[in-house]
Amino acid sequence: MTEIRTLLVDDHAVVRAGIRNALQELPDLEIVGEAGDGPELFTALAELRPDFLLIDVTMPEFEPVSAIREIRATYPDMKILVVSAYDDDFYVQGLLGVGVNGYHLKNQRLSDLRLAVQRVLAGEKWISSKLVDKLVGSGDESTSPTLTDRQREILHLLQQGYGNQTISKEMCLSVKTVENHLTRLYRQLNVQSRLGAVNYVMQHPEVLAVSGQEAALAPPLEPSQETITILLVDDNVRYRHQLRRIVGRAHPNAVIHEAANIRETLHLLESVSPQLIFVDVVLGEEDGIQCVRRIKADRPSTRTILISAYPDRGFRQQGLAAGAVAFLDKKDLDVATLRQVIDDVIG
């Protein structure tokens, strides 16, 4: 049987490596090239003529919907599977509407990714199960739109009169990313401008409300009274905030610091002495494993734990060799797990 020529596209090289490892088990599939931004993608498509495109559409110099529409028109027979961290239903619908064959969430198990690839290559449509209910219910106009934490944060900043440049600095995002978020937000609120979005919030304040489950910050019973300093290193500000909340619930006396990259981490370590550091494997264009290596060289007694949405065996081996004491799947980082980890460090 002829091998299926596959092009792998993600702006993080370490993520591409994890996906490549995950797909090695699939027969008759050959990864013939990789790309990390829009120009590289279009060059690779023209030169390699792949049968299958596996792509994270959130990358530099790439406007997802219009670019996928162009790719579909140019390569009508090529299968396209989007693998993304975004679960916004309008975002998903926009890409499905311009011709992708499937949409898979990054935080799913690697076995689910392999299944998604097999289904798409078999000619079926694939949508991650967590998205199905949202898509089915998205046509109900009688209910207020459900916003993500990031969308609510952007709306709060809009209410304060912030422009795109200021929002990008406040949220540690590029201006282009902010513009993309605003476009999807306007569509979801059915408004045409930032003024329309602010007026919508004034008329529908419930859109910014947070569920009790999400807002619950109550500590567990009989929390430890000992203080521990913890550093969270992740380039995704939204995920850092989520992890910070979980750590706060697991150990309310924790002193929590945050960093987005290696430079910020090393700068913090000049004035802060954390007992425990969580480091994401992917730090923008940097390598979290290299970050662990630098931490261990600077603070050999500090316990460092690598975390990843892709619990790849190769990452685990490299991370432990670099000095991490553990490698954890992000999906497993709940209050109970973090409490156990923190108690182990204190003990």
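The values are calculated or read from the model by the stated rules, or taken from the named source; none is laboratory data. A quick note: this is a predicted structure, and the numbers were derived from the prediction, not measured. Using ideal geometry, Cβ is built from the backbone for each residue, glycine included, and neighbour counts are taken over all protein chains shown.
For residues that are in a loop (DSSP other than H, G, I, E, B) and under 23 Å from the mean Cα position of the chain (by Cα), tally how many sit in region 267-295. Show your work before the answer.
To start, the set of residues in region 267-295 that are in a loop (DSSP other than H, G, I, E, B) comprises 269-275, 281, 284-285.
Checking the rest, the ones that are also under 23 Å from the mean Cα position of the chain (by Cα) come to 281, 284-285.
Total meeting the criteria: 3.
Could you list, ordered by first residue, the pairs with Cβ atoms under 7 Å in which the first is in region 272-283 and in contact (Cβ under 8 Å) with a residue 40 or more places away in the chain and surrounded by 24 or more Cβ atoms within 10 Å (Cβ to Cβ) and the second is of a type in the set (Phe, Trp, Tyr) and not in a loop (DSSP other than H, G, I, E, B), at least 6 apart or interchain?
Close Cβ pairs satisfying both conditions: VAL281/PHE315.
Please list, ordered by first then second residue, the pairs with beta carbon atoms under 6 Å, 6 or more apart or interchain, first in region 335-347 and at pLDDT 80 or above, second surrounded by 12 or more Cβ atoms within 10 Å (Cβ to Cβ) and charged (D, E, K, R).
Final answer for the pair search is VAL335/ARG249.
Only one residue in PHE52, PHE42 is modelled with pLDDT of 95 or more and either closer than 22 Å to VAL281 by Cα or crowded, with 18+ Cβ neighbours inside 10 Å (or both), so which one is that? Steps first, answer last, please.
On the way: PHE42 fails: either closer than 22 Å to VAL281 by Cα or crowded, with 18+ Cβ neighbours inside 10 Å (or both).
Among PHE52, PHE42, only PHE52 is modelled with pLDDT of 95 or more and either closer than 22 Å to VAL281 by Cα or crowded, with 18+ Cβ neighbours inside 10 Å (or both).
This table checks each residue for (1) modelled with pLDDT under 80; (2) in the same structural domain as GLN159 (by TED's automatic domain parsing); (3) of a type in the set (A, V, I, L, M).
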| position | (1), (2), (3) |
| --- | --- |
| HIS204 | yes, yes, no |
| ASP235 | no, no, no |
| ARG240 | no, no, no |
| ILE277 | no, no, yes |
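Can you go through VAL120, VAL100, VAL83, VAL57 and tell me which one is surrounded by 15 or more Cβ atoms within 10 Å (Cβ to Cβ), β-branched (Val, Ile, Thr) and touching a Pro at 6+ places or on another chain (Cβ under 9 Å)?
Numbers: VAL120 fails: touching a Pro at 6+ places or on another chain (Cβ under 9 Å); VAL100 fails: touching a Pro at 6+ places or on another chain (Cβ under 9 Å); VAL83 fails: touching a Pro at 6+ places or on another chain (Cβ under 9 Å).
None of the other options fit; the residue is VAL57.
Which condition breaks for GLN242 when tested against (1) assigned to a loop (DSSP other than H, G, I, E, B); (2) farther than 20 Å from VAL15 by Cα; (3) in contact with an Asp or Glu (Cβ under 8 Å, 6 or more places away or on another chain)?
That leaves (1) as the condition not met.
For ARG152, only one of the following conditions fails: (1) within 18 Å of LEU173 (Cα to Cα); (2) of a type in the set (D, E, K, R); (3) modelled with pLDDT under 80. What is its number?
(3)
Mind listing whichever residues of region 31-64 are hydrophobic (A, V, I, L, M, F, W, C) and within 18 Å of ASP77 (Cα to Cα)? Can you show your working first?
Within region 31-64, the first condition is being hydrophobic (A, V, I, L, M, F, W, C), and the residues that meet it are 31-32, 35, 41-42, 44-46, 48, 52-55, 57, 59, 62.
Hits for region 31-64 are ILE31, VAL32, LEU41, PHE42, ALA44, LEU45, ALA46, LEU48, PHE52, LEU53, LEU54, ILE55.
Right, ILE167: crowded, with 18+ Cβ neighbours inside 10 Å, closer than 22 Å to ARG240 by Cα and touching a His at 6+ places or on another chain (Cβ under 8 Å) or not?
No, not satisfied.
Within region 85-145, which helices (runs of 4 or more DSSP H) (wholly inside it) include 3 or more residues that are charged (D, E, K, R) and at pLDDT below 90? Give the derivation first.
On the way: elements: 89-97, 110-121, 129-137.
Here the list reads 129-137.
Applying the selection to region 110-131, what residues are under 19 Å from the mean Cα position of the chain (by Cα) and either under 11 Å from VAL83 (Cα atoms) or free of Cβ contacts under 8 Å to residues at least 40 places away in the same chain (or both)?
Passing the criteria: SER111, ASP112, LEU113, ALA116, ILE127, SER128, SER129.
For region 62-76, what are the residues that are more than 27 Å from ASN190 (Cα to Cα) and either surrounded by 21 or more Cβ atoms within 10 Å (Cβ to Cβ) or touching a residue at least 24 places away in the same chain (Cβ under 8 Å) (or both)? Give the steps one after another, and end with the answer.
To start, the set of residues in region 62-76 that are more than 27 Å from ASN190 (Cα to Cα) comprises 71-76.
If the condition is that a residue be more than 27 Å from ASN190 (Cα to Cα) and either surrounded by 21 or more Cβ atoms within 10 Å (Cβ to Cβ) or touching a residue at least 24 places away in the same chain (Cβ under 8 Å) (or both), then ILE71, ARG72, THR74, TYR75 are the ones that fit.
With the requirement that a residue be assigned to a loop (DSSP other than H, G, I, E, B), surrounded by fewer than 13 Cβ atoms within 10 Å (Cβ to Cβ) and either touching a helix residue (DSSP H, G or I) at 6+ places or on another chain (Cβ under 7 Å) or among the small types (Gly, Ala, Ser) (or both), what does region 296-333 give you? Reasoning before the result, please.
Let us first name the residues in region 296-333 that are assigned to a loop (DSSP other than H, G, I, E, B), namely 299-302, 309-312, 323-325, 333.
Checking the rest, the ones that are also surrounded by fewer than 13 Cβ atoms within 10 Å (Cβ to Cβ) come to 300-301.
Answer for region 296-333, where residues must be assigned to a loop (DSSP other than H, G, I, E, B), surrounded by fewer than 13 Cβ atoms within 10 Å (Cβ to Cβ) and either touching a helix residue (DSSP H, G or I) at 6+ places or on another chain (Cβ under 7 Å) or among the small types (Gly, Ala, Ser) (or both): just SER301.
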